[in-house]
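Okay, structure first, notes after.
Values in this text are rule-based calculations from the coordinates and carry no lab data. Note that the structure is a prediction, hence the values are computed from the model and not measured. Backbone-built Cβ (ideal geometry, glycine too); neighbour counts: all protein chains shown.
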Amino acid sequence: MIMGIRDFWLGITRRAPAATRASLAPMEPTVARSTSTSALLDVDLAPDDPLVAHFQGAPGAVEVGKLHLESPALEQLRAKGVHLVVPLVAQGELVGLLNLGPRRSEQEFSADDRALLSNLASQAGPALRVAQLVRQQQAEASERERMAQELRVARIIQQTLLPKSVPALPGWQVAVHWQPARAVGGDFYDFLTLSDQRVGFFVGDVTDKGVPAAMVMATTRSILRAAAERELSPGKVLERANELLCPDIPQNMFVTCLYVILDPSTGGLEFANAGHNLPYRRGSDGLHELRATGMPLGLMPGMNYEQKEGFLERGETLLLYSDGLVEAHSPQREMFGVPRLEALMVDHTGGPGLIEHLLAELAGFTGQGWEQEDDVTLVALEREAAPSARSSPGGQPATGKPRAAGVELSQQGSTANPMATGAAAGGDSGGHSSSSAGSEKDEPRRLLGKFSLSSQTGNERQAMERVAELVQELGLPDDRFNRLKTAVAEATMNAIEHGNQNRPELLVEIEVLVSDRELAVRITDHGGGPVPSARAQPDLDAKLAGEQPPRGWGLFLIEKMVDEMRLAGDATHHTMELVLHR
Amino acid sequence: MSSRPFEAHNRIESGAAVIDLHGDIDAASDLGLNAAFEEASQTRLPVILLNFADVDYINSTGIALIVSLLAKARKAGQKLLTCSLNDHYTQIFQITRLADFMGVYPDEASALQGASARA
């Protein structure tokens, strides 16, 4: 009987503390280092050690003394008194070594000994591999469970950042739905009672979803709250929030956000929009978008946000929503889309339940087993038809304080694993493409024409020529005409290269609109990425000195060519509006 | 006015290397413009004149190309001048301050005269 072998089994089965001359050095798949127990021998066996190749190719027991290799591991084996090594190989991979010292009889290992060891190794190798895999799977399962637990905690934390109730406003119905696509999300909403008793409503959407979006969402919400507590004008609040967010937000992330201040006593609205989906006002005169332009927060500093006013009559409803609703897809990959939302809003006869109505339609559209693609947030604000027709739910006095009811925080989606959205449909009509709708306070604009071009370098020349044809009837002076052409070419290049990333299948859409006061060319891309945030003024001295690259003139030129350059967008579109005053 | 492929022709006139530019100055003209400039630069003449008489379109990439030519000319100790830009692009050269660093002349004769006055 080989004493070493007996000791080895004792070592494995009982973890015998006795000194042993045989050991097993199981190797992890990448780092060949045994754990340290009395039966195990510490051997550092690097993956590129020549001994590995030798063992993998040498069946049966190997005598250490007969090996002549430049191998650090071999030195270690010798130093530890190992005489015989039996490689344990499974599926061509070295998974362990059976190391034996000299026989206690001081005899050489016999041919029988070696045959027995080889036999043992051929069975122990696969068994050891199975044990290693089981252990690895256990570790992975425990890691997955730990991450799931962390996400559950993150979800709870994120929910605490959202309002726990909706404002109780006599004569008003407020309802909310918030459903992240994953455990946590980048959508958010918030309510704030201001010092003058008006109520602020935020709805926002951070690019992307999941944990990164949720972290940016938390910061953004705090910044917006702080800004809203200092400023009473929505445009200024977004401007300030943008300034604070810009230095800290990770590159390629941005936040679309709509801020509406409601005066519940009059129905008066003030709002500003940082690239978020336009809200809808539904009244007896039909459905209207409330349009105000502004860039998403966090893209570039120094932005101004257009501020608009509106009004909700009795019986009218305002819907704020995120793109998760309109960009949901059916099993046939059809998109829910803005037109469908508009039709549903028109069809819904008012009263409570607009959100339920929309969600029921969404569920029917996406079908069972829908893996929610993006976060969905809906906030509906309805002015009751008659102030006393329905009491405020809960019957609270008009304190403007939130009440503890009415918020639907859906628990769905916490384990959803949305599939990659794949190639985005190129030609969707998106929330910002123009329709006849607009704030009733907007000056009416006439559409001179619209067209689209594929995103190929050089197509900016076509854009320039077609816009030139469309504006010909206006009889612009040569100088203004040429400046507009250059601005259109540059803005189209920007949309092709940056917005649409030179992907020919994505379109650049161009609209030319005119009113008594201004001529506007709207250039929209569908790439979904942020427009370049580097807006360092090009400095020719620096460029000639090699301190700035020679390029980077596009936005600078555009700004110099037109009277106003307005930027707006959402998570999937950017629109640059070039304006010449008339 | 449709897109026209870029071409450049070099000649020597009154002690200046003149590059006659034809077509659009944009990303597609990069190689041609640089090659013509290298040829002009190798004459070691003190003045290189870019003649824009037959150019209708310069975009921001074209401006960047001209900036890089200007940097090369300054490094080589050669003066880079321009002539025959239309009013619109003359304005753009002023807005970008290229006009501060390279003489901008209404036509070739005044540019060559200006060059000899400078020299």
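I'd like the distance separating the alpha-carbon centroids of segment A:264-309 and segment A:111-184, in whole Å.
After rounding, the separation between the Cα centres reads 41 Å.
Among A:ASP42, A:ASP190, A:ASP285, which comes first, then next, by fewest other beta-carbon atoms within 10 Å?
Result, fewest neighbours first: A:ASP285, A:ASP42, A:ASP190.
A:ASP539: net charge of surrounding residues, Cβ under 10 Å, Lys/Arg +1, Asp/Glu -1, itself excluded?
With Lys, Arg at +1 and Asp, Glu at -1, the net is 0.
Filter the trypsin sites (Lys or Arg not before Pro) in segment A:455-534 to those in DSSP coil with at most 13 other Cβ atoms within 10 Å of their Cβ, and list the result.
Qualifying residues, ordered by number: A:ARG517.
At a 10 Å Cβ-Cβ cut-off, how would you order A:PHE201, A:PHE336, fewest neighbours first?
By the 10 Å Cβ count, ascending: A:PHE336, A:PHE201.
For segment A:69-177, what does the relative contact order come out to in percent, with C-alpha contacts under 8 Å and a separation of six or more?
Taking the mean separation of contacting Cα pairs over the length of segment A:69-177, I get 18 percent.
Listed here are the pairs A:LYS560/B:LYS72; A:LYS308/A:LYS450; A:LYS560/B:LYS79; A:LYS209/A:LYS308; A:LYS543/B:LYS79; which of them are more than 19 Å apart at the Cα?
A:LYS560/B:LYS72; A:LYS308/A:LYS450; A:LYS560/B:LYS79; A:LYS209/A:LYS308
Starting from 0.36 nm per residue, how many nanometres of slack lie between A:LEU161 and A:ASP516 once their C-alpha separation is accounted for?
Additional length available on full extension: 123.2 nm.
Considering only the other residues whose Cβ falls under 12 Å of the Cβ of A:GLY185, what net charge follows from Lys and Arg at +1 and Asp and Glu at -1?
That sum, taken over residues with Cβ under 12 Å, equals -3.
Tell me, what HN-Hα J-couplings in whole Hz come from the Karplus equation 6.51 cos²θ - 1.76 cosθ + 1.60 at θ = phi - 60° for each residue of segment A:162-172, using x for Gly and Pro?
8, x, 8, 8, 9, x, 8, 10, x, x, 10
Before anything else, pin down the relative contact order of segment A:221-373: Cα pairs under 8 Å, at least 6 apart, normalised by residue count, whole percent.
About 20 percent, as a whole number.
Please rank A:THR266, B:THR96, A:THR193, fewest neighbouring Cβ atoms within 10 Å first, as an exposure proxy.
Sorted ascending by nearby Cβ count, the order is A:THR266, A:THR193, B:THR96.
Taking the alpha-carbon distance from A:LYS66 and a cut-off under 18 Å, which aspartates and glutamates remain once sequence neighbours fewer than 8 residues away in the same chain are dropped?
A:ASP49, A:GLU75, A:GLU106, A:GLU108, A:ASP113
Give me the net charge of A:PHE55's neighbourhood, meaning all other residues with Cβ under 12 Å from the Cβ of A:PHE55; Lys, Arg count +1, Asp, Glu -1.
Once positives and negatives cancel, what remains is -2.
Quick query: amide H of B:LYS79 versus all other amide H atoms, modeled in the peptide plane; which residues come in under 5 Å with a sequence gap of 5 or more or a different chain?
Residues meeting the criterion, in which the H sits 1.01 Å from N, are B:VAL47, B:ILE48.
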